[in-house]
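The values are calculated or read from the model by the stated rules, or taken from the named source; none is laboratory data. Bear in mind the structure is a predicted one, so any value in this text is a computation, not a measurement. No Cβ is skipped: glycine too gets one built from the backbone with ideal geometry, and neighbour counts run over all protein chains shown. Side chains are part of the model used for accessible areas, which takes the heavy atoms of the whole protein and leaves out ligands, DNA and RNA. Shrake-Rupley method; radii C 1.70, N 1.55, O 1.52, S 1.80 Å.
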Amino acid sequence: MDHKKVAQRIADALGDDNIASAAHCATRLRLVLKDEKKINQEALDEDPDLKGTFRANGQYQIIVGPGDVSKVYDALIHQTGAPAVSTEQAKEDAADQKNKNPLMRLVKLLSDIFVPLIPALTAGGLLLALNNLLVSEGLFGAQSIVEMYPAFKDIAAMVNTFAGAAFTFLPVLIAYSATKRFGGNEYLGAVMGMIMVMPALVSGYDVANVMAAGKMPVWDIFGFQIAQAGYQGQVLPVIGVSWILAQVEKFFHKHLSNAVDFTFTPLLTILITGFITFAFVGPVLRTASDALLNGLVWLINFAGPVGYGVFGLFYSAIVLTGLHQSFPAIETTLLADIAKTGGDFIFPIASVANMAQGGATFAMLFLAKSEKEKSLASSAGISAFLGITEPAMFGVNLKHRYPFYIAMCASGIASVILGIFGVASASLGSAGIIGFISMISKHIKIYLIAEAVAALVAFAGTYFYGKYHNRQLAAQEVDAEKEALTKMADHQSQHSTETAPETTNNATVNTDIYAAVEGKTVPLTSVADEVFSSELMGKGIAINPSGKNVYAPCDGEISISYETKHAYGIVSDTGAEILIHIGIDTVEMKGNGFTSKVKQGEQVKKGQLIATFDRDEIEKAGHDATVMMVVTNTNNFADVKAMTDQTVTKDDQVLELIGK
């Protein structure tokens with residue numbers, strides 16, 4: 001097979017610039033396409049080197065075959081410039097491509113921008129929590145730690161300085177990440193973010209008060225007055241500005257050339273984007289922010305518990321926009337006249353919303369498969385419980401979507417409880433698990449109950465729905481794998497004389513294949529999987545394993561190494577193509593219970609350990625642990641003889657391949 005030519009034919013059949021992202025597994029290209037109507041299906045069906053196509057899980061999958069798929073994939077990526085992603089990311093991209101809802105696209109966009117910022121936000125959030133522990137009164141006694149132990153005063157001051165950095169300069173971080181996401185120069189984006197928080201501007205936290213007092217300084221540009229207002233604590237304005245900057249930069253890169261482009265594009269990009277930022281983007285979004293805040297106050301005053309519930313339901317969504325950064329202005333007003341207002345109603349609602357997001361994140365800790373996901377969920381969940389939810393929302397919950405929505409519902413339920421009892425705080429503080437120290441004393445008990453309800457409902461809802469959701473995805477993956485194997489087998493039977501040039505000559509010799517696992521051999525036709533028992537994939541043998549180790553059945557090269565570690569392909573030195581499949585439908589286990597000892601392309605010797613598996617784990621998951629050994633290029637041989645009904649070790653021959 002000429003892998004480059006095959007890749008080019010695939011690219012031509014799919015249409016120009018039609019691949020949104022591309023991944024591959026052991027046998028298939030897994031493509032997310034922008035428009036499936038552009039596909040020349042006839043060309044793909046008639047291609048002699050392809051074994052079939054099908055659609056599954058929102059992906060267009062092209063069966064190339066073991067050993068060749070990775071090489072065709074590399075060539076396709078090189079020729080088309082398509083984004084290369086993991087199979088898991090391809091699934092997410094497929095869902096995004098299928099879902100045309102603008103709101104969902106915005107959520108995905110925000111997630112893409114904020115995920116790289118999670119370490120900074122997590123560090124800042126936990127430092128803020130540490131500072132609260134040191135300076136909060138009533139937590140460990142009538143006085144705070146710094147009051148009881150003055151030696152901790154400067155430590156608290158230092159921690160507070162460190163904690164504030166990530167949030168004070170958040171627009172810089174967002175601008176860098178967002179500009180990169182939009183295809184612009186991220187360093188120009190960072191400069192624009194710095195401009196938006198320059199100390200010479202009125203701090204974004206003080207803009208409302210300064211404007212209310214009529215003391216906002218302005219730039220007078222030929223009679224056009226532009227407010228010198230900063231953007232500390234803002235999110236959406238920074239993202240909008242980053243998009244504008246990227247478009248302006250691309251425009252000048254396209255229309256300027258060489259030294260002129262290098263010199264003047266950065267200058268013009270910053271100058272034009274900066275003017276648009278302060279003249280138009282900021283004022284418009286601030287007006288929208290003020291309207292939202294006034295509407296929330298009206299909602300609570302008019303609708304009581306229902307208003308609490310609605311506010312709680314949408315609080316986390318408001319956090320996505322960054323508009324919650326303006327809430328302290330309202331909260332300060334509510335606390336200034338507490339005898340009349342009854343206290344701050346926003347703080348307890350924010351607390352239960354944060355607890356709900358944390359509860360959903362901790363549920364994902366138990367649902368996650370990879371150690372990376374587990375560690376992220378753990379740290380992000382703790383941060384959310386302590387009042388900083390961005391790592392939890394952007395790093396975990398929004399990535400999977402359903403945890404975020406379930407947490408929103410849990411927050412709404414808990415907020416209704418707050419509304420029934422009119423719960424309010426007497427001061428500002430950490431809107432999370434230790435927020436009770438800020439509450440009006442008679443409301444503390446209900447506040448803690450509402451927090452517990454929010455966290456538990458979000459945890460339980462996310463966990464049980466996640467179990468169901470994962471089972472559905474696993475079933476779809478099993479069906480997709482079976483369809484791919486079946487189509488590959490059909491192609492093999494229809495083209496029995498067609499073989500890859502590099503294996504045709506070698507496959508004419510006799511080959512001995514040894515047991516991949518220890519156990520009792522049984523006929524392949526007796527296994528409880530029609531794809532294998534029908535011998536559509538090829539002839540072979542099955543072994544009921546007694547051990548946990550998987551060995552190379554011959555000298556050769558690892559041509560397949562599934563991400564889920566449940567299947568391996570080996571091309572022997574004599575040209576035999578052997579597929580070792582551990583268990584039935586074990587792709588559903590996502591690698592849990594399996595350990596791989598080799599990588600694709602690695603040379604192995606007969607009897608070399610290539611993998612291990614936990615039979616108890618397989619059976620606990622409800623699967624058959626039978627190991628199948630299939631000669632996928634059976635038609636290259638005159639006969640395949642299987643030694644069944646024997647107890648074997650790795651040193652025992654189980655298949656004899658008779659060369660033509």
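Numerical summary
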item	result
Orientation-averaged projected area, Cα convex hull of segment 359-451 (nm²)	5.8
5 Å-binned pair-distance histogram of segment 1-84 (Cα, whole percent)	3, 17, 32, 31, 16, 2
Inter-probe distance in nm under a simple model that places probes 7 Å from Cα toward Cβ, at PHE264 and GLN472	5.5
Placed amide H near VAL522: partners under 5 Å, 5+ positions off or other chain	ALA542, ILE543, ASN544, ASP645
Net length gained if the chain between LYS605 and TRP298 were fully extended (0.36 nm per residue, minus Cα distance)	103.0 nm
Exceeding the 22 Å Cα-Cα cut-off - candidates LYS4/LYS51; LYS372/LYS597; LYS467/LYS620; LYS71/LYS539; LYS539/LYS606; LYS374/LYS590	LYS71/LYS539
Two-site FRET efficiency, PHE162 against GLU371, from Cβ-Cβ distance with R₀ of 25 Å, rounded to 0.05	0.35
Nearest-0.05 FRET efficiency for HIS78 and GLU42, computed from C-beta distance (R0 22 Å)	0.30
Segment VAL306-GLU563, length gained on full extension (0.36 nm per residue, minus Cα span)	87.7 nm
Accessible-area composition of segment 123-257, carbon plus sulfur, in percent [1.4 Å probe]	66
Where labels lie 7 Å past Cα in the beta-carbon direction, separation of GLU619 and ILE221 in nm	7.5
Burial ranking of peptide ranges 215-225, 513-523, 459-469, 573-583 (average Cβ count within 10 Å, highest at the top)	573-583, 513-523, 459-469, 215-225
For segment 1-80: accessible area per residue (Å², 1.4 Å)	42
Alpha-carbon Rg/Rh ratio, for segment 510-570, with Rh computed the Kirkwood way	0.95
Ranked packing of 607-615, 33-41, most packed first, by mean Cβ within 10 Å	607-615, 33-41
Surface/4 estimate of mean projected area, convex hull on alpha-carbon atoms of segment 104-231, nm²	11.9
Rounded to whole Å, sorted largest first: equivalent-ellipsoid semi-axes of the chain, Cα gyration tensor	57, 32, 20
Size of electric dipole in the chain: Cβ of Lys, Arg +1 and of Asp, Glu -1, about Cα centre, debye, nearest 20	1680
Two-site FRET efficiency, ALA151 against THR647, from Cβ-Cβ distance with R₀ of 51 Å, rounded to 0.05	0.10
Within the accessible area of segment 1-75 (1.4 Å probe), percent carbon and sulfur	44
Distance in nm between pseudo-label sites at ASN510 and ALA339 (7 Å out along the Cβ direction from Cα)	10.5
Computed over segment 543-660, the ratio Rg/Rh where both radii use C-alpha atoms and Rh is Kirkwood	0.95
Relative packing of 405-412, 428-435, 444-451, 646-653, which averages over residues the other C-beta atoms within 10 Å, highest first	405-412, 428-435, 444-451, 646-653
D (Stokes-Einstein, µm²/s), Kirkwood Cα radius, segment 596-654, 0.692 mPa s at 37 °C	224
Theoretical gain in end-to-end length, ILE449 to ILE272 [0.36 nm per residue, Cα-Cα removed]	58.5 nm
Size descriptor, Kirkwood hydrodynamic radius, that averages inverse alpha-carbon separations across segment 7-54, Å	11.2
Protein accessible area in segment 512-581, 1.4 Å probe - carbon and sulfur %	43
